[in-house]
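The values are calculated or read from the model by the stated rules, or taken from the named source; none is laboratory data. Quick caveat, the model's predicted, so the values are computed rather than measured. All Cβ positions, glycine included, derive from the backbone under ideal geometry; neighbour counts span all protein chains shown. For accessibility, only protein heavy atoms count, side chains too; no ligands or nucleic acids. Shrake-Rupley method; radii C 1.70, N 1.55, O 1.52, S 1.80 Å.
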Amino acid sequence: MTLSPSPTYSAWQKLPDNALGHALFSVGMCLRVPYFGSVLPRVVEMRPGRCEVRAPKWWGVRNHLGTFHAIAACNLAEAAMGMLSEATVPSTHRWIPKSMTVDYLAKANGPLRAVAALTELPDFGAITEGADVVVPVRIFDGQGVEVVHADITTWVTRR
């Protein structure tokens, strides 16, 4: 069974794999999902089973300690999960976030890098009544230290 990609992933594939293409895609993502824009995300990698999104530390995401706010980090995690889902879930199916479990592991100083990655792709042909797909997202600081870990459960169904 051949599964066609989502329109979002098709758009990613049409843009050049460089800073300009990534910026254009990221702006489009924020126009489609405006709340993501609060963390100024930049998608730098997107393919089935994996997505990387980066966000700068700017005054709009700082907390009272001057570090990256916990909920802003959750927003970044959801952006990475969402784009992984768009790259992974075929156009025959749809997905929606169902729950999120988050561990704050260390102070999130500086810009952050969120990596959503599945160890194994689901068998979408077998999903007929709906299934939970848990997407782990690891968020790293500029020194490569994991500062936040989120497991985001998505509900995937046929259209």
**Report entry** Structure-based [θ]222 nm, the chain - -39500 (n - 2.57) summed over DSSP H runs of at least 4, per residue, nearest 500
**Finding:** -8500 deg cm²/dmol
Query raised in the report: Rg and Dmax of segment 33-112, Cα atoms, in Å?
Result: 13.4, 45
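Run the accessible area of segment 26-159 with a 1.4 Å probe and give the carbon-and-sulfur part as a rounded percent. Walk me through the numbers before you get to the answer.
Numbers: 3630 of 6660 Å².
Percent of accessible area from carbon and sulfur atoms in segment 26-159: 54.
Rolling a 1.4 Å sphere over the protein heavy atoms, what is the accessible area per residue of segment 66-118, to the nearest Å²? Display every interim value, and only then the final one.
On the way: 2060 Å² over 53 residues.
Per residue, segment 66-118 has 39 Å² of solvent-accessible surface.
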Query raised in the report: Under 5 Å between amide H atoms, partner at least 5 residues away or on a different chain: which partners does residue 148 have, H built in plane at 1.01 Å?
Result: 105, 139
Query - For segment 29-38, 3J(HN,Hα) per residue [Karplus equation, 6.51 cos²θ - 1.76 cosθ + 1.60, θ = phi - 60°, Hz, x = Gly/Pro] - result: 4, 6, 5, 6, 10, x, 4, 4, x, 5
Query raised in the report: Karplus couplings for segment 9-26 from phi (6.51 cos²θ - 1.76 cosθ + 1.60, θ = phi - 60°), rounded to Hz, Gly and Pro as x?
Result: 5, 4, 5, 4, 5, 7, 7, x, 7, 8, 4, 5, x, 5, 5, 4, 4, 5
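Of the listed peptides 114-124, 50-60, 82-92, what is their order by residue-averaged count of other C-beta atoms within 10 Å, with the highest listed first?
82-92, 50-60, 114-124
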**Report entry** Size of charge dipole - segment 34-78 - debye, nearest 20, with Cβ of Lys, Arg +1 and Asp, Glu -1, no other charges
**Finding:** 100
Query raised in the report: What distance in nm separates the simple spin-label points at residue 106 and residue 17, each placed 7 Å from Cα in the Cβ direction?
Result: 3.0
Report summary line: Listed by chain and number, the lysines with an alpha carbon less than 27 angstrom from that of residue 98, same-chain partners under 8 positions apart left out, are 107
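In debye to the nearest 20, how big a dipole does segment 71-128 give about its Cα centre with +1 on each Lys and Arg Cβ and -1 on each Asp and Glu Cβ?
Working: 4 positive and 5 negative charges, 39 e Å.
Taking the Cα centre of segment 71-128 as origin, the dipole is about 180 debye.
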Query raised in the report: Between residue 157 and residue 63, what is the spin-label point distance in nm, taking each point 7 Å from the Cα along the Cα→C-beta axis?
Result: 3.5
